[in-house]
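In what follows, a structure is listed as structure tokens, so that the remarks can point back to it.
Any read-out appearing in this document is the output of simple, stated calculations on the displayed coordinates, not a laboratory observation. As the structure is a prediction and not an experimental result, all values here were calculated from the model. Cβ coordinates were reconstructed from backbone atoms using ideal geometry, including for glycine residues, and neighbour counts include every protein chain displayed.
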Amino acid sequence: MTYLETAAKFYSEVAQTPQIGLCCVQTNSLQFPGLKIPVSMQEMNYGCGTTIHPAELVNQPTVLYVGVGGGLEALQFAYYSRYKSAVIAVEPVVAMREAAARNLEIAAIENSWFDNSFVEIREGDAFNLPVEDASVDVVAQNCLFNIFEPEDLTRALKEAYRVLKPGGRLQMSDPIATRAIPEHLQKDERLRAMCLSGALTYEKYIQHIIKVGFGQVEIRTRRPYRLLDARSYNLEENLLLESLDSVSFKVPIPEDGACVFTGKTAIYAGEQEIFDDSQGHILQKGVPAAVCDKTAAKLANLMPDKIIVTESTWHYSGGGCC
Ligand SMILES: C[S@@+](CC[C@H](N)C(=O)[O-])C[C@H]1O[C@@H](n2cnc3c(N)ncnc32)[C@H](O)[C@@H]1O
């Protein structure tokens, strides 16, 4: 059995017998006015963060959702895109497709605005998404890609890139590891399927995204997720996993490298009212300007005594200059 088959078997089990709290974090599922999340869907919340960013879901985007789970986020996306097949949810595990379909039927009874046809569940997997090239506005996945081994992660990211329209967004939530996970845990297929041992470090995770061509990555949230304690996991020291919510844009990679926004700002503290680096970055004296990490480093090196760069907040939601 391959590790992907082990994962499929595991998700078949937890589709039939929900494991409450399998992946979830200590925050409630996002609630919106008029949205009622069925209890059976709530019990199958197998995400480790959220891929729903309401401010960005204007204009009813088409969404391709990879790994439907109990259908919770498919329903939340449908809240913003209310038309037939607005959300295509791709899922390889039969029992999971059946569970999601059942949960969405209940959602249709409990939510007058929701029609079952808004979410179309299709058989398929992350490596063969059953849609045309450049056909969707958003691809989303929550707590799935972290279970893939690095080469498979690259395949899945390439596939997401393929199906996105130019300018489209890959909205992801995944565990990341605060240091490399030792091999004995990485090889444990069941722990990997449970989203506990496949996580990459932040740096490697971001590198994978950029390597397939995403020109801009924005970090929405980074927070503690699980502790792999030394005794239970046969480690020299405890190892903290974090969950990372990100949005990656299918835009060209600038010549000097991709823009990764982690919540840094640059503040000009010189003699002039305005600082202009002639590369498109204009800083008003004393006013923090959101900048990507690449620009933050450049500006800090340029005038260390006159430009202050603040730390990553790991909460960035747009509006900055590269
Ligand atoms: C950790 S669960 C997350 C479910 C859902 N995203 C959520 O937030 O509740 C992972 C999901 O991905 C599905 N899955 C497993 N292997 C997959 C693959 N190769 N391609 C796509 N989905 C897969 C599982 O069956 C399961 O539904």
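Some values worked out for this structure:
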read-out	value
Volume of the Cα convex hull of segment 3-249, divided per residue and given in Å³	111
Label-point gap, in nm, between TYR83 and GLN279 - each point 7 angstrom along Cα→Cβ	4.1
Helix 202-211 axis, angle to the chain major axis (alpha carbon atoms, nearest 10°)	90
The chain - percent relative contact order, Cα under 8 Å, separation 6 or more	14
Under the Karplus curve 6.51 cos²θ - 1.76 cosθ + 1.60, θ = phi - 60°, whole-Hz ³J(HN,Hα) for segment 184-201, x wherever Gly or Pro sits	4, 7, 4, 7, 7, 5, 6, 4, 5, 4, 7, 6, 10, 9, x, 4, 8, 5
With Cα atoms, 0 to 90° folded angle of helix 150-163 axis to the chain main axis	90
Long-range amide H partners of TYR65 with built H, under 5 Å	ILE88, ALA89, VAL90, ALA140
Mean shadow area of segment 68-119, taken as a quarter of the surface of its Cα convex hull (nm²)	3.0
Segment 125-191: chymotrypsin sites (Phe, Trp or Tyr not before Pro) in DSSP loop, at most 16 other beta carbons within 10 Å	PHE127
Length released on extending from THR17 to LYS294, taking residue separation times 0.36 nm less the Cα-Cα span	95.1 nm
Karplus (6.51, -1.76, 1.60) ³J(HN,Hα), θ = phi - 60°, over segment 34-47, in Hz, Gly and Pro reported as x	x, 9, 10, 8, x, 4, 5, 6, 4, 5, 10, 7, 9, x
Radius of gyration, Dmax [segment 264-309; alpha carbons; angstrom]	9.0, 25
The chain - charge dipole about Cα centre, Lys and Arg +1 at Cβ, Asp and Glu -1, debye rounded to 20	240
